[in-house]
1. Residue under question is Ala105, and the condition is that it be surrounded by fewer than 17 Cβ atoms within 10 Å (Cβ to Cβ), part of a helix (DSSP H, G or I), touching a residue at least 24 places away in the same chain (Cβ under 8 Å) and of a type outside the set (S, T, N, Q); does it hold?
2. Having 3 or more residues that are touching a residue at least 60 places away in the same chain (Cβ under 8 Å) is the bar; report the helices (runs of 4 or more DSSP H) wholly within the range 1-98 that clear it.
3. Please enumerate the residues belonging to the range 108-160 that are closer than 17 Å to Thr188 by Cβ and either outside any helix (DSSP H, G or I) or touching a His at 6+ places or on another chain (Cβ under 7 Å) (or both).
4. If we keep just the residues of the range 160-181 that are aromatic (Phe, Trp, Tyr) and closer than 26 Å to Leu376 by Cα, which is modelled with the lowest pLDDT?
5. Name the residue, out of Thr381, Thr386, Thr300, that is more than 30 Å from Phe92 (Cα to Cα) and at pLDDT 85 or above.
6. Test of understanding: among Val239, Val250, Val292, which residue is at pLDDT 85 or above, of a type in the set (A, V, I, L, M, F, W, C), on the phi < 0 side of the Ramachandran plot and surrounded by 13 or more Cβ atoms within 10 Å (Cβ to Cβ)?
7. Just checking, which of Asp325, Asp321, Asp337 is more than 14 Å from the chain's Cα centre (by Cα), free of Cβ contacts under 8 Å to residues at least 12 places away in the same chain and surrounded by 16 or more Cβ atoms within 10 Å (Cβ to Cβ)?
8. Tally the residues that are buried (at least 19 other Cβ atoms within 10 Å of the Cβ) and over 26 Å from Asp329 (Cα atoms), restricting the search to the range 156-192.
Amino acid sequence: MIQALRERAADLLGSADFARVYTLVALGTAIAGFAVRSLASPWTLYSMIGGLAGLGAAMLWVRRRELTMIGFAPTLLLAYILWAFVSISWAFDRWTAFTGWLEMAAYAFIAIAIAQVRDTIQIVRAIGDVLRAALGLSIALEVVVGILLDTTFPQLSLAGDIAYGGPIQGLFGSRNLLAFMAMIALVTFYVEWRMRSVPRGLAIGSMALAAIAALFSTSPTALVVAAVLLVALLVLLLVRRAEPQRRLDVHRALAVVVVVLGVVAYLFRGIISDAINQATAFGSRAALWSEVLRWVERRTIQGWGWYGNWGGHPFPFRTIDFLLDSSHDSALNAYLDVFLQLGVVGLVLFGGMAALSFARGWVMAGERRSGVYMWLPLMLTVILVTSLAESFTLEGPAWMLLVLCVVKAGQARSWRTLILDRQDSQAPLPRIER
């Protein structure tokens, strides 16, 4: 009896249907995390994430014969998570640091599990389905609260401002996170349209829904991300249409253009900063970043220990807020947050992981004809550009999406795969006995 139950459980955990449902539930739980935390409790969300991590471990154990160490998880990703764990030893509030690390590691493990059991197009479809539901429900709630009832919804922090053109935040807790998810959705829906994996009307309607959500979020970062995303898409299409023998020259020309633009931006940084300051609330961010850099200088190598979100405000975050006479949940810049908490070692690991994954995804998208390969570099463009103005890419759904992209990029172009291929090509041919 027990043996039969074990076999049935193994069959279930190893089935394609279970992998599909697991992916949808995991992505849905992460993306709706703020709503679950607000309407139920934080422990409800933690229990759900812990259960998903346990199911993911069981699923990978059942499929262990299908898995290999090559492509399971990139070295830099594992090193980054390990360094964050080591940093707990010098954190002032070790329990808070440990819980922050545990949450980050759980989201990362779930993403790794999804990447092992689903291919890229299946992940794209799953993200598209979840974001269609999340954005549609967000707009519907805003319409009901702000127009039909003309009230507020404090449980989800909905102010009901959609009738005034926004800002709205839907299920996500902040307009910037809504805008980020809308940009992710645009990329995903565009790839679905290119792949014809959903009906054309549904794809176009989905892109319109994402555009409406981004527009009503009135997030200043959304405009910047949309502009950079459009440029990246046009350049990627140019690379894909170039002849294979000319593709290297195109990449070199692009590198020169990027370097020149970087030099120009540095030379005119004062003018650019003033212009941004007048158009947005950049001044408050600049003051925060300046104070964060002052604390970075005190522990440049190892940082102050990994906490993730500044919630609870342990040291030194409490002191930073006191000096600025304000309250923050992050450094409003993922790279600075990593620098502050994990030092230059963590920043090098995080930056190297992101840059290598983007390079892998970009080269793969340029070489392979299928439109699904455009998803990785465009997704990473949204994530990495948004990280310049927000830190939520270090936790929750944004962190899960980043890990998914990093793992899928590593599976496609891993240096360990190249070493094995070279070893196989140099291996002597087997002798044939006569």
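1. So Ala105 fits the description; yes.
2. Qualifying helices (runs of 4 or more DSSP H): 16-31, 33-39, 75-86.
3. Correct list: Arg118, Asp119.
4. So in the range 160-181, the residues aromatic (Phe, Trp, Tyr) come out as 164, 172, 180.
Remaining after also requiring closer than 26 Å to Leu376 by Cα: 172, 180.
Details: Phe172: 91, Phe180: 94.
Residue satisfying both the conditions and the ranking: Phe172.
5. Working: Thr386 fails: more than 30 Å from Phe92 (Cα to Cα); Thr300 fails: more than 30 Å from Phe92 (Cα to Cα).
Unique residue meeting the criteria: Thr381.
6. Working: Val239 fails: at pLDDT 85 or above; Val250 fails: at pLDDT 85 or above.
Residue meeting the stated conditions: Val292.
7. On inspection, the qualifying residue turns out to be Asp321.
8. So the answer is 7.
The values are calculated or read from the model by the stated rules, or taken from the named source; none is laboratory data. Treat the numbers as computed from the prediction; the structure is a model and nothing was measured. A quick note on method: Cβ atoms are made from the backbone with ideal geometry, for glycine too, and the neighbour counts reach across all protein chains shown.
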